[in-house]
Structure formats: structure tokens, C-alpha cells
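The values are calculated or read from the model by the stated rules, or taken from the named source; none is laboratory data. Keep in mind that what you see is a predicted model, and the values were worked out from it rather than measured. Cβ atoms come from the backbone with ideal geometry, glycine included; neighbour counts cover every protein chain shown. Heads up: the accessible areas ignore ligands, DNA and RNA and are worked out on the full protein's heavy atoms, side chains in. Shrake-Rupley method; radii C 1.70, N 1.55, O 1.52, S 1.80 Å.
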Number of protein chains: 2
Amino acid sequence: MGALDEGHFDAELENGVRLGCLELGDEEGPDTLAIEDAVKVLLQGLGEDVNREGLKKTPLRVAKAFLEGTRGYRQYVKDIVQGALFPEAGLDKEIGHAGGAGGLVIVRDLNLFSYCESCLLPFQVKCHVGYVPSGQRVVGLSKLSRVSDVYAKRLQDPQRLADEIASALQNGIKPAGVAVVLQCLHIQYPASLASNHEDWVKIQVTSGSGAFKDEKAGIWGDFLSLLKSRGININKSCTRDSTGKSWCPSRSPSISPTCSSFGSMNPKMVTAVTSIIQLLGEDPSRKELVGTPSRFVKWLMNFQNTNLPMKLTGCTIHNVDSLSNGEVNGEMEQICSELNLPFCSQCEHHLLPFHGSVHIGYFCREGFSPSVKSLLQSIVHFYGSKLQVQERLTRQIAETVSSLLGGDVMVVVEAYHTCMISRGIEKFGSNTATIAVLGRFSTDSVARSKFLDSISEANGW
Amino acid sequence: MGALDEGHFDAELENGVRLGCLELGDEEGPDTLAIEDAVKVLLQGLGEDVNREGLKKTPLRVAKAFLEGTRGYRQYVKDIVQGALFPEAGLDKEIGHAGGAGGLVIVRDLNLFSYCESCLLPFQVKCHVGYVPSGQRVVGLSKLSRVSDVYAKRLQDPQRLADEIASALQNGIKPAGVAVVLQCLHIQYPASLASNHEDWVKIQVTSGSGAFKDEKAGIWGDFLSLLKSRGININKSCTRDSTGKSWCPSRSPSISPTCSSFGSMNPKMVTAVTSIIQLLGEDPSRKELVGTPSRFVKWLMNFQNTNLPMKLTGCTIHNVDSLSNGEVNGEMEQICSELNLPFCSQCEHHLLPFHGSVHIGYFCREGFSPSVKSLLQSIVHFYGSKLQVQERLTRQIAETVSSLLGGDVMVVVEAYHTCMISRGIEKFGSNTATIAVLGRFSTDSVARSKFLDSISEANGW
């Protein structure tokens, strides 16, 4: 805490912490084991064999991910801010304000993620946080990120998250004011199936304390101008969420998953999720969490293992099928493609969503474009609707499309993996692509590159 | 490792690891203490009082940052890949290739950072990595990132980093091939002072093994097409760095820092840096590291504490000075600004660079635009050229400009802090802004917002 009096921090600040990453080594504590048992119940409820290869370590991975993703319950702001407050002379209040005493300090574009308290899925947070120093002291810049992360790593709602960050920094630093702006993204079921045709539900929320308490205060203008200079446009007039409505798509009546009513839900699965919430240190009877176990199970049931083969009777595409058999002159053929078919699947290693686009290329006779988009989308949806890995999903789509559109098929799956951003490595923005090539595509590099170029073009590059 | 035979991994893989974050708690090991002592020598060499408030904990922070930033020396690939190889059926080779067996798997846009072996400064890495599975097995996607990070967290050169990642994944997964593309950014002294007027030195390198060994192989085309579909354009023909020349700007003869020759360098400082390199687990006599201690000291000496006040004699700007005293009618005044003055400073808490732009606003008589840009740039450079914190830098620039251009001044400093990306929190893309407002700017919110809007406009928003 530098030269500053330790007494600046007192009873309102909590105590004790394990900073950095949680020690989740090979040794498993009793909480980890109990969560693993609950995850096994969920896997069984999905019709899965918990002993099959890909799933053997899934309960442990899920337990670790949940504990790591809610480590904020076991972290405390005092331990973060303590030792990172520095004395810094400011200007005389009479003549103005400056960094260190009265001048705004902002950190923009902090990537965080949090867990939605309504459905237990992770959501992404772009966090912008600022404060106006006072009392001749400033805080180390990284602490604004660390404190924000403590509250993000809990079961949250965006507005509460913003309020808790603002309040913790206000109490921890005792500045003239704190401002928090969050831009949050919540995954929802794929665009083609969602009511608003978006992959994400988006929300912006703000919170302010001290000089930022008044939403109309001039200093908010300075803060928002500095966001604008980074291309971040916030409409202050409608950013505080006071509707009381949840943003979570699982609470929206317009989304109807496979399992349409809570009544038909496996009660063992609901009980298992309730116990997980409790083991993470939360109270499952807190009013915002009532119904969360059912909503999480509802989400999971979108990926139930039906063990049914895909029925493709009556789906034969004439002409195309014959074409690939070489009955049409090769010079008459062209590469057709269906691009950006949305999908959402569930990673079988972490029980977390991965989602993105599928691109399918095939040969067909020049001038002939079979109307197969809805059929291909159904195939994509069918293979996405189970516990998956992206590599297998790619192969399964390719094999099935091949049986319909001839043997010359190429499939590219581009996906964001929630496990890549919300688990230990937190690689925001990373994106995975997998390819399957069949028939002529595997030997014809010109055909491959024509198809791949069409993806770049469709993406605007 | 799932159902796969443990025997697939054998002697060529290393053993033992401490994954995740290094245990750098409050207890300090003998290496940490020895690095702290060396850092104190550096601070003293810079003319600093190691007991002044902002610097008290700097030796510990620097020691932790160095140990964390080179934790790759104490991590092993086997421990990362083991347990994350999954059996995944592929297509029959006769009919094509698919995810899981023969189909390309790529993870794009992984943000990493590494330490430059030539100068010890961190450099940013955008890593794109792919492999072609074989033997009916795939690796968990996050492991591509973790393995890459093991090699990034060492003293590196971009080409060696790419080669080591490719080789480690080839040995660890035994796939049909591995491809690695790195886009690296190395900080250099600010644009106005550097020869090429860029804040960054940029380089792209590639490395391939197995099916990617041949740089002209068709599969490279698929890989690069999938990068292109994310807007990443790689010119394959000139991406393998075989020149043997270092990209590091500290090796470029065109950059002449304050301390122009090694001869005049404090030998105690050079010895201290040599001991740090040794304590991190490296051999200071490795040929790429010879000269590194001198180059790091040379960089640090740009930020030597001269204890000299800035000399501004003969710099009075007429008209402007009188204007601000109210001798000219207020309606005749306008807000003038000098935007995007580059700066580079050194964070006194972590001994790491922070750099970006300074924007300065002031009032002047309408139609009169004093030619002060080079003067303002000198002021910015003067206050950047020492161990600093951004809040203090902002205030010092504002106070000095105020004495020249009248009392109505506003300063905005926008900066990237290397400590925010290269230390524990690794907040890539985050950016800090600080404001100082003097005189009329502190009460006139319209003036503030006019000036702030001009920054957004200059940034193209």
C-alpha cells in the first residue's frame, strides 16, 4: 500500500484471498468429487455412456471449469488493491484536475467472461472501467482488471456485475468516483432457429458511483468520449437496465427447445445442477437462481443423445447425384456451395457450447443449382444436436452430404469454442476451423482453393 | 490420454511440469531474491532512489514478471498433451480426408507474448496453428494454445519460436503434419524518433513439419486460405526468415538512443542483467544472448533519471499567452489541438514500456494557430524519458504546457501498457486513457467535449 495509511482500508473490505489461478492440480478435493458425481448424472440423463472414451474425464474437466469460472467467490478485493495504491501528487483543485488527483483514469477493452445466473452458460464481457483519483493516490492499472474479474467470476447478471465492480472499486480505492461500462454477449441457439436471427443476445449496462452517481453528470460525457475515441459507441440514455427483465435467452418464451416443458424434465438432472450451484458456494434458493437448474438442463437437452440415425428417405437430389457419377461432361461442372450455415453444438469434453458456421462445397452441373439449403441446414442441425467434438462433426456432415450430393464434397466448420475463452487459457477471439474433403476435392487443389476463396469472399475479405 | 496407448509417448518427450500459473506467492525463493538484488542495481544505475515510494516493490514485481514471463523453461509438452489425445475415427484414406483423420484442424488468432532474446523486451505474437490428424487421434484444441505458450514463455526469436512450436506438436501428437504462422510485433522507440516512423517492428514467420515440410505443398494453400477467411493475409513466399538477421530494433544501427555506445555503459548494470538471464534458466553465453545485457541496459538508459528540470527559456509563445489572460474577446477564441504526439515511457512499477499518443488541447485566438507542435513533442518526450506512471506523466505535461500556452489546457494520454499484456492478467488489446484538465477546461464541459471529439475524429471514428 506504499506510504498510505493501512487504516484507509477497514471493516468494509473483506479479507483473505487466493489470487491468480486456483490450485486445481491432480489432487481432487471433496467439492470437485461431488461436482463430478453430479456431472455424471447429467451425462447419463443425456443418454450418454459415461465410460466412453471422450467422456471419461469430462466430469473432472467440467468440475474444474465450474470451480475456476466461479473463483470470484473465493477472492477478495482488499488483497488485490492492498499494496497497489500509490501516492501521486495532483493539481490544486483550484486550477483543475489531473491524473493522480481529479483527472479521469480509464482502462478500456478488458476482455472478461462471466457465468449467467439464469442458465449457467458463460457470457462474454467487454469491460471499460474508470475512476477519478482523490486523496493523492492512484491504483495500479492492472488492479482495475483484477477487481472486475473477481466479480465476473461468479454467477452474474450484467447490471449486478457492473454495480458490484463500481461499488468494490469505490470502497477499495476511495476515489472521487467510479464508472463502469459493460458490453455483454450471451450465446443463444443458432440464428436460423432463434427469433431474432442473431447468434448472440447483446446488452450494454453502466454503473457509476461518487462523481458518476448522477447519470447526467458532465464527467460521464468525458468518459463516453474516451470510449468513442476507441470506436466504442455507448448510448447513455438507455444503458442502465432497470427493467428487471432478464436478458438471458433461456428466459425468453420465444425460444422453444426440444424439451418444451419443465414438467417432462429428468428430476435427477435438476437436482444434480442444484447441488453443483451449492458446491460452488452459491445459494440455489436465491431468487435469481430459482429455475436456473431447470433452464440449464433444458439447454443440455438440446444435445441429448438420441442414438437415431438421420433419416434421409425421400431426400435424393436428382441430377446432382447422377452428375457426380461422371455421366455429365466434366467441363460442364461447377463448384456449388452453401456458406454460413449456422450451428450450435456442445463440446463433449467440457459440456460447453461451441458454435459458428458450416460451409459445404460440392460439384454440380453448370447452370443447375439444386435447392438444398434447407436440407443441408437440417443435416448440420442434426449432427450439432449432441455432445460433439468439432472434428467428428465435420466428418459426419461430410459423409452424410456425400451420400446425397455425390462423392465430391468439402466441408469447412468454423467455430468459437466457449471452452477456449472461459477456461484457463482464456483465448478471446480465437477461432477454430476444421476441414473434411471427399472425392475429387482431395486431389484437386484448384477446386479446394476455389471453394475456400468463396468463403473468404462471403466473409467480406 | 484416453484409450490411446501410453507407449505412443516415449523418450523423446520430456517429463515433469507445473502447468497453469507459476506459484509466485508472497514467499520469495532464492532466485526471486537474487533477481530483486539485480533489479536494484539497475534502478540505482538509472539514478533512482530504490526506497522512494513508487519503486519500493518494483524489484519484486520485476522479478515475478521475469519468472512468469519465462515459465516455459519449467514446463513440458508431455504433461500438456498427455490426457488430451482422443481417439477419433476418420475417413478411409481412399475416399478423402476429414477432421479426425487427415482433415486439417486450425486454431486462429491465439494471442501470446514472448520475450525478445536480443533485448529482453516482451513482444506480441498472434499465433495461428494447425495440424493434420493421423492415427485416428485428435488433440484437445486448447492444447495447441498451451503448447505454443510453453515456447513463447522463453527468451525467443520469432523464427525459432515457430520452429519449436511446430516440432513440439509434431513430436507430441504425431500427426501427418503441423503448420505454424506467427505475426509478431516488437515495440521500438517512438515513431517520431525511429527511422521508419512506426511504433512497431512487424514480422511474419512460418514453420511446417510433416505434410507442411515442403513450403510449396498444396496443403499450405488450404491453411493460408483459412487464414484469409479471417482477414489474415500471409504472403507465403517471404515468410520464412532465413536471413539470420535479427528483427530486434535494438540491433538496428539506425536507432541511436541517448546512451550511444556500449563503452560508456555502467558495467554493474550489465553484470546485473547477465545474472538475471542466468537465474531465469538461460545460458548468457548462448550466442544469441551475447550482447543482450548491454542492449537491455541501453534501452533502460533512455529512461535515466536526470533530475534536471525542463529548460523552456526562449520558448514563450506570444499572443497565445496574452490571449489566455482574457485580453481578447472570448468569442474570438477557438480550441486548438495537437493530436497523436507519440511517446514511449517506462513503467516504474514493472520496468516495462508503456507507449501511445498524447493529445493536447488549448485555447487560442481564432485564425491564429501557433506553430508549437515540435515544442509540445519535446515536452512529451522529456517527461516520457524517465521511470513514470501514466497519471504523473499526464499531469506533468499539462503543467508544463500550461506555463507556455496559458492556463487553459487539457491533456489526454492514451497508452498500451506492456505490463497489462505481458504479466499475469494478459489483457491483450486493453488500452488506458488519462486526462488532465486545467483552467477553463475544468468548468467548460462543451470545450472538453469539443476537444475529445477531435480525438475521435482524428482516430477515424
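Details
- Estimated FRET transfer efficiency when R0 is 51 angstrom, pair A:LEU185-B:GLU215 (beta carbons, to 0.05): 0.85
- Distances, shortest first, from the label point of B:SER449 to those at the same position in the other copies read 5.4 nm; the point lies 7 Å along Cα to C-beta.
- Remark: accessible area buried at the A-B interface is about 6700 Å², both chains counted, probe radius 1.4 Å.
- Remark: label point of A:ASN305 defined 7 Å out from Cα along the Cα-Cβ vector; separations to the same position in other copies 6.5 nm, ascending.
- Full extension of the chain between B:SER285 and B:SER264 gives 5.4 nm of extra length, using 0.36 nm per residue less the Cα-Cα distance.
- Partner chain coverage, peptide B:218-229 - average Cβ within 10 angstrom: 6
- Near the amide H of B:ALA84, within less than 5 Å, lie no amide hydrogens of residues on another chain or at least 5 residues away, with H placed in the peptide plane.
- For the range B:359-461, the fraction of 1.4 Å probe accessible surface lying on carbon and sulfur atoms is 49 percent.
- Amide H contacts under 5 Å for B:LEU104, placed H, 5+ residues apart: A:ILE435
- Residue-by-residue Karplus 3J(HN,Hα) for the range B:384-398, coefficients 6.51, -1.76, 1.60, Hz, glycine and proline x: x, 7, 6, 5, 9, 10, 5, 4, 5, 3, 4, 5, 5, 4, 4
- Peptide-level mean, for B:349-359, of C-beta atoms on other protein chains within 10 Å: 1
- Placing a label point 7 Å from the Cα of B:ALA458 along the Cα-to-Cβ direction, the residues of the range B:384-426 with a backbone N closer than 11 Å are B:411-414.
- Comparing each chain alone with all protein chains together (probe 1.4 Å, DNA, RNA and ligands left out), the residues of the range A:378-412 losing at least 50 Å² of accessible area are A:GLU391, A:ARG395.
- Table column - 3J(HN,Hα) (Hz), the range B:221-228, Karplus curve with 6.51, -1.76, 1.60, x for Gly and Pro: x, 4, 4, 5, 4, 6, 6, 4
- Karplus-derived 3J(HN,Hα), 6.51/-1.76/1.60, for each residue of the range B:111-120, Hz, glycine and proline x: 8, 10, 9, 9, 10, 6, 6, 7, 9, 6
- Where labels lie 7 Å past Cα in the beta-carbon direction, separation of B:GLN334 and B:THR271 in nm: 6.1 nm
- P(r) tail, the range B:110-184: Cα-Cα pairs separated by more than 17 Å, 38% of all pairs.
- Net charge contributed by nearby residues that have their C-beta within less than 11 Å of A:LEU289 (K/R +1, D/E -1): -2
- For A:ASP49, inter-copy separations between label points set 7 Å beyond Cα along the Cβ vector come to 7.4 nm, shortest first.
- Carbon plus sulfur fraction of accessible area for the range B:121-220, probe 1.4 Å, in percent: 48 percent
- With DNA, RNA and ligands ignored, accessible area of B:PHE86 (1.4 Å probe; Å², nearest 10): 10 Å²
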